[in-house]
Amino acid sequence: MLTLGIETSCDDTAVAVLEDDARIRANIISNQDMIHARFGGIVPELASRRHMESITVVTNEALAQAEVSLRDIDLIAVTQGPGLIGSLLVGFSYAKALSYTLNKPFVGVDHMSGHLLSAFLEKDKPSFPYVALIVSGGTTALYYAKSYHEFSLLGRTRDDAAGEAFDKVARLLSLGYPGGPVVSERATKGSSSRLSLPRAWLDEHSLDFSFSGLKTAVLNYCNNCKSLQRDIQVEDLCAAFEQAVIEVLVEKTILATHATKAENVVIGGGVSANRRLRYHLGQRCIEEGKKLYVPALTHCTDNAAMIAFAGFKQFERGLQGSVNEDVFSRSSLGL
Ligand code: KG4
């Protein structure tokens, strides 16, 4: 069975072809970073306009790489939310139109379930139950996954997502967009111990996150440097900031495994590309006797293969979308 996956929730136009639930025949991503870079963040109108221009091109490229035609596709799986409404509408309307004209079923997929299941795209697949840390530009959340369809939200950010905090700090330091890779790169040349930045642990057992205080502390440090006419120690600041984010992400993930007694941990989302996060979470999981599953980089960031996989699993359960359905901006998955 062939599933065409379509993902346009934010700034990447992505289309994949998945055979059954195992073989990725194509996984194409058209990235918009160049368009949004000069604004230091995503401009929603520009994102949806570019999705409109790209969606057919990227679909044709995916079909060509998979060596199939639209007629060979059995199921269309598309991101229904959460995300930017204008961006979601492009992919969702396109999928519904394809479904209608080809007379093939479609399923609307919650983007978060795609990230939660993305580890199944790898050879070394996790077993249920597991704790998943999903950490990206739009989300920072901990879930407990009991099966392909049963997820509980354990905690999420009360303000900024971790990736958003990286992006905002990068903008403050004029380092460009997206901020995560460049802040992390600058951090390698600095020392995290030369500056003291706060960690928001919240209540003792809380699995929620908060990064706005940390972001304000970075802003205050920069303002102090300016008023005292001192140079900003960019490398040290990046190292201290990255360390503060990672420490909270790692320790709250471990806390979630204690609370749920889960033996397995999965990470996903763009920030899971961060090498220090992978390393420290890996070390802590070894210390705690847990097994960590880290999807390949292309499966961690926004992609359509994970949407195809999640959609295929929904379809296996008998779920199908209808043309009257609409997109949604916020996820209620696991609530
Ligand atoms: O999942 P993703 O591709 O899409 C969105 O959520 O939009 O994640 C993008 C986010 C951005 O905020 C980016 O700065 C962050 O992931 N990111 C990183 C790294 N690579 C990307 N954050 C920290 N370290 C990285 N190496």
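For residues in the range 73-100 being part of a strand (DSSP E or B) and surrounded by fewer than 23 Cβ atoms within 10 Å (Cβ to Cβ), which is nearest to the chain's Cα centre (by Cα)? Looking at residues that are part of a strand (DSSP E or B) and surrounded by fewer than 23 Cβ atoms within 10 Å (Cβ to Cβ), I get G81. Just one of (1) surrounded by 20 or more Cβ atoms within 10 Å (Cβ to Cβ); (2) under 26 Å from T216 (Cα atoms); (3) under 16 Å from the mean Cα position of the chain (by Cα) fails for R330. It is (1). Can you confirm whether the range 97-105 contains a residue that is touching a residue at least 40 places away in the same chain (Cβ under 8 Å) and closer than 22 Å to L292 by Cα? Checked the range 97-105: no residue is touching a residue at least 40 places away in the same chain (Cβ under 8 Å) and closer than 22 Å to L292 by Cα.
Could you list, in sequence order, all residues of the range 22-35 that are surrounded by fewer than 17 Cβ atoms within 10 Å (Cβ to Cβ) and either more than 20 Å from the chain's Cα centre (by Cα) or not in a strand (DSSP E or B) (or both)? Within the range 22-35, A22, R23, D33, M34, I35 meet the criteria.
The residues on offer are F106, F128, and the sole one that is outside the structural domain of D33 (by TED's automatic domain parsing) and either out of contact with any helix residue (DSSP H, G or I) (no Cβ under 9 Å at 6 or more places or on another chain) or of a type outside the set (S, T, N, Q) (or both) is F128. Take K313 and tell me if it is touching a strand residue (DSSP E or B) at 6+ places or on another chain (Cβ under 9 Å) and either at pLDDT below 95 or of a type in the set (K, R) (or both). For K313, the condition - touching a strand residue (DSSP E or B) at 6+ places or on another chain (Cβ under 9 Å) and either at pLDDT below 95 or of a type in the set (K, R) (or both) - is not met. In the range 290-299 there is at least one residue matching the filter, namely being assigned to a loop (DSSP other than H, G, I, E, B) and over 17 Å from the mean Cα position of the chain (by Cα). Close Cβ contacts (under 6 Å, 6 or more residues apart or on different chains) running from residues in the range 223-237 that are under 16 Å from S196 (Cβ atoms) and assigned to a loop (DSSP other than H, G, I, E, B) to residues that are modelled with pLDDT of 95 or more and not polar (S, T, N, Q) comprise I232/C222; I232/C225. Within the range 45-52, can one find any residue that is among the basic types (K, R) and under 25 Å from T139 (Cβ atoms)? Within the range 45-52 (the criterion being among the basic types (K, R) and under 25 Å from T139 (Cβ atoms)), the answer is yes, since at least one residue qualifies.
Evaluation of S193 against the conditions (1) surrounded by 20 or more Cβ atoms within 10 Å (Cβ to Cβ); (2) away from the ligand (no atom under 16 Å from the Cβ) shows that the sole unmet condition is (1).
The values are calculated or read from the model by the stated rules, or taken from the named source; none is laboratory data. Computed from a predicted structure; not experimentally measured. Heads up, the Cβs are rebuilt from the backbone with ideal geometry, glycines too, and the neighbour counts pull from every protein chain shown.
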